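What follows is a short report on a single structure.
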Amino acid sequence: MTRLFLHGLDSSGSGTKGTYFSACFPDMERPDFNGSLNERMKQLRAILSNRHDLVVVGSSFGGLMGACLALEQPQKIKRLIMLAPALNFVDYRIPDQKVRVESVLVIGKNDVVTPPDIVIPAARATFGDLQINLVEDDHLLHRSFRELDWQRLLS
């Protein structure tokens, strides 16, 4: 099993969440991405070319990347955890059929960057096996991030 963290648009694998994963789950890979969504997805595909059984955590734009990966290569993903994913991104398209990947969505009730009233319906329309956690938090999830059961989520 490979654990992978996909950071947000203006972050890195060494940001707040990446640093947490580095300390608590040292085997978790935290690559850095840059460029457009297409460029980032190309970088991600190169990293994952020969890997399966992935547990992917994506934060914001990284959550969008994780969703795109699940749509492209669902057979590679064991579980997808999306933290305030940017499913409201203008280029994101809901698939014709729901993808069957075990998926967890964590989003703050007060998120104004990826509003839950837009992101939750998009996630429901995309994933057939979806658990939704609407938490008392904002986009960064700083209050709730460390409270999640990461041992279970990443197993």
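The values are calculated or read from the model by the stated rules, or taken from the named source; none is laboratory data. The structure presented is a predicted model; accordingly, all values stated were derived computationally and were not measured. Please note: Cβ atoms are built from the backbone with ideal geometry, for glycine as well, and neighbour counts cover all protein chains shown. Surface areas here come from the heavy atoms of the whole protein model, side chains and all, with no ligands, DNA or RNA. Shrake-Rupley method; radii C 1.70, N 1.55, O 1.52, S 1.80 Å.
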Tell me, what is the FRET efficiency for I94 and E147 to the nearest 0.05, using R0 = 41 angstrom and their Cβ-Cβ distance as r?
0.85
Place a +1 charge on the Cβ of each Lys and Arg in the range 2-64 and a -1 charge on the Cβ of each Asp and Glu, then give the dipole magnitude about the Cα centre in debye, rounded to the nearest 20.
100 debye
GluC sites (Glu not before Pro) within the range 68-155, DSSP loop, no more than 14 other Cβ atoms inside 10 Å:
E136
Using Cα springs under 10 Å in a Gaussian network model of the chain, which residue among S11, S144, S103 shows the largest mean-square fluctuation?
S144
Among G63, G15, G108, whose mean-square fluctuation peaks in a Gaussian network model of the chain (Cα, cutoff 10 Å)?
G15
Whole-number accessible area per residue in Å² for the chain, which is evaluated in the context of all protein chains at 1.4 Å:
48 Å²
For q = 0.31, 0.33 Å⁻¹, what log10 I(q)/I(0) does the range 58-100 give under the Debye formula with an equal point scatterer on each alpha carbon and no solvent?
-1.18, -1.24
The range 20-56: which trypsin sites (Lys or Arg not before Pro) are DSSP loop and have at most 14 other beta-carbon atoms within 10 angstrom?
R51
Share of carbon and sulfur in the accessible heavy-atom surface of the chain [1.4 Å probe, %]:
47 percent
Global form of the range 105-155, assessed from the alpha-carbon gyration tensor, a/c cut-off 1.5:
oblate
Restricting to lysines and to Cα separations under 18 Å from K17, and discarding same-chain partners fewer than 8 apart, the set is none
Which of the listed residues, G108, F21, G8, is farthest toward the dipole's positive end in the chain, when Lys, Arg count +1 and Asp, Glu count -1 at the beta-carbon?
F21
Can you list the lysines whose alpha carbon is less than 17 Å from that of K78, not counting same-chain residues fewer than 8 positions off?
K98
Can you compute the charge dipole magnitude of the chain about its Cα centre, using +1 on each Lys and Arg Cβ and -1 on each Asp and Glu Cβ, nothing else charged? Give it in debye, rounded to the nearest 20.
400 debye
Restricting to DSSP loop positions (anything but H, G, I, E, B) with no more than 13 other Cβ atoms inside 10 Å of their own Cβ, which trypsin sites (Lys or Arg not before Pro) remain in the range 76-147?
R93, K109, R143
Max mean-square fluctuation residue, GNM over the chain, Cα-Cα springs under 10 Å, options V112, V99, V57:
V112
